[in-house]
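Undergrad: Sharing a structure below in structure tokens format, with a few things to ask.
Every read-out reported here was derived from the displayed coordinates using simple, explicitly stated rules and does not represent laboratory data. Because the structure is predicted, anything quoted here is derived from the model rather than measured. Here Cβ is always computed from backbone atoms with ideal geometry, including for glycine, and neighbour counts include all displayed protein chains.
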Ligand code: VTB
């Protein structure tokens, strides 16, 4: 896995560079298409046998990087990958913050194979890992975090996506005294922030995309944090898709080990616009680009911030 790390950074860098010209152009479909194409092209040049376990929808819905797609040169290490070519198609289109390209990988058979649908999520850093539970009342999880991090509940910061589906949770968090950081989009960035010691976010809660959830789980695993989830099928078709993938009771809590069963996992993200964690792509006067990526390795639990200067082409 370690040998694939730099290749994975190149994959997310290539996708981010492809999306860069589309910042602020109002065309989220095209931003997604170019990032996906670049990611797929690079993945197919890598010496590996990879299978997309969760990604851009299913084969009939998405032309590329769909669930079940085989990638790589078909030789060498066999891995599962979870992709979100652009966690932030709408942020890229609108020119707003927190858009990044993302990929996560783990040895074959160790990543959750799930449909692309909504997922309820919870993430915390190392201190409260294994202590919190997605089924506990919010008050209990806040107390656990407050004790584990030796801070008052008034000083616990919870990141949650600014959506009406979260209004009850937001109200409850405020009533309990926690600080609520509302963000527009891009929940991978905010969930992994819980495991970065210098970041003020202590807890991430909310319902968002399942691919983003599986990718976040890999990031939290790499950082020694915790991530728990429950799939939230909205229709009978979505429920049937869960069953077809072997998830008979989709609402059963998925603990970190159920989502990522190996610590030999990798995560790479490259910022397109400025994000909560790393800077977006910068261009010099001639148009040469500098990218910033977060590279995580579960085996060493090391976090690297990679700044790359790309030559003009
Ligand atoms: C979620 C979240 C993503 O879009 O999927 C969200 O996981 C979609 O939420 O990170 P809505 O359906 O309410 O728009 C992102 O924020 C960005 O892709």
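Undergrad: Compute the angle between helix 210-222 and the longest alpha-carbon principal axis of the chain, please, reported from 0 to 90 degrees and rounded to the nearest 10.
TA: 80 degrees
Undergrad: Using only Cα atoms, tell me the angle between helix 28-43 and the longest principal axis of the chain; keep it within 0 to 90° and round to the nearest 10.
TA: Helix 28-43 sits at roughly 70 degrees to that axis.
Undergrad: Taking Cα pairs under 8 Å and at least six residues apart, what relative contact order does segment 16-100 come out at, in percent?
TA: Values: 165 pairs, mean separation 31.2, N = 85.
Across segment 16-100, relative contact order equals 37 percent.
Undergrad: May I ask what percent, to the nearest 5, of DSSP beta bridges between residues of segment 157-268 are antiparallel? Kindly include the intermediate steps, with their values, before the conclusion.
TA: Details: 1 of 9 bridges.
Bridges in segment 157-268 that DSSP calls antiparallel: roughly 10 percent.
Undergrad: Over the Cα atoms of segment 110-224, what is the Rg over Rh ratio if Rh follows Kirkwood? Don't skip to the end; give the middle numbers.
TA: Working: Rg = 13.2 Å, Rh = 14.1 Å.
Radius of gyration relative to Kirkwood radius: 0.94.
Undergrad: Please determine, in degrees from 0 to 90 and to the nearest 10, the orientation of helix 5-19 with respect to the longest principal axis defined by the Cα atoms of the chain, where the helix direction is its Cα long axis.
TA: On a 0 to 90 degree scale, this one is about 80.
Undergrad: Using the count of nearby Cβ atoms within 10 Å as a rough guide to exposure, how do 97, 152 rank from fewest to most? Don't skip to the end; give the middle numbers.
TA: Working: 97 19, 152 10.
Arranged by neighbour count, lowest to highest, 97, 152 become 152, 97.
Undergrad: Could you work out which residue, out of 112, 254, 182, moves most in a Gaussian network model of the chain, that is, has the largest mean-square fluctuation with Cα springs under 10 Å?
TA: 182
Undergrad: Pairs of alpha-carbon atoms within less than 8 angstrom and 6+ residues apart define the contacts here; what relative contact order does segment 219-313 have, in percent?
TA: Numbers: 150 pairs, mean separation 25.4, N = 95.
Result for segment 219-313 is 27 percent.
Undergrad: Checking the a/c ratio against 1.5 first, then a/b against b/c, what shape does the Cα gyration tensor give for segment 19-156? Walk me through the numbers on the way to the answer.
TA: On the way: a/c = 2.51, a/b = 1.52, b/c = 1.65.
In terms of gyration-tensor shape, oblate.
Undergrad: Could you tell me whether segment 68-128 comes out rounded, prolate or oblate from its Cα gyration tensor? Rule is a ≥ b ≥ c as square roots of the eigenvalues, rounded for a/c under 1.5, then prolate if a/b exceeds b/c, otherwise oblate. Mind showing how you got there, number by number?
TA: Values: a/c = 2.04, a/b = 1.32, b/c = 1.55.
Oblate shape, in that a/c is at least 1.5 and b/c is the bigger or equal ratio.
Undergrad: Rg over Rh of segment 159-313, using C-alpha atoms and the Kirkwood radius, what does it come to?
TA: Working: Rg = 17.8 Å, Rh = 17.4 Å.
Radius of gyration over Kirkwood radius for segment 159-313 works out to 1.02.
Undergrad: Once every DSSP H run of n ≥ 4 in the chain is given -39500 (n - 2.57) and the sum is divided by its residues, what mean residue ellipticity at 222 nm do you get, rounded to the nearest 500 deg cm²/dmol?
TA: Details: 9 runs with 90 residues, N = 313.
Here the helix-only value at 222 nm equals -8500 deg cm²/dmol.
Undergrad: Counting alpha carbon pairs within less than 8 Å and at least 6 residues apart, what relative contact order, in whole percent, applies to the chain?
TA: On the way: 779 pairs, mean separation 63.3, N = 313.
Across the chain, relative contact order equals 20 percent.
Undergrad: Shape of segment 1-92 from its Cα gyration tensor (a ≥ b ≥ c, root eigenvalues): rounded if a/c is under 1.5, otherwise prolate when a/b > b/c, or oblate?
TA: The shape class here is oblate.
Undergrad: How big is the equivalent ellipsoid of the chain along its three axes, where each semi-axis is √(5λ) from the Cα gyration tensor, reported in whole Å from largest to smallest?
TA: Numbers: eigenvalues 166, 103, 72 Å².
Sorted largest first and rounded, they come to 29, 23, 19 Å.
Undergrad: Select from 94, 230, 248 the residue whose mean-square fluctuation is largest in a Gaussian network model of the chain (Cα-Cα springs shorter than 10 Å).
TA: Result for the chain, Cα springs under 10 Å: 248 fluctuates most.
Undergrad: Ok, one more. Compare 242, 222, 265 in a GNM of the chain, Cα atoms joined below 10 Å, and give the one with the largest fluctuation.
TA: Residue with maximal mean-square fluctuation among 242, 222, 265: 242.
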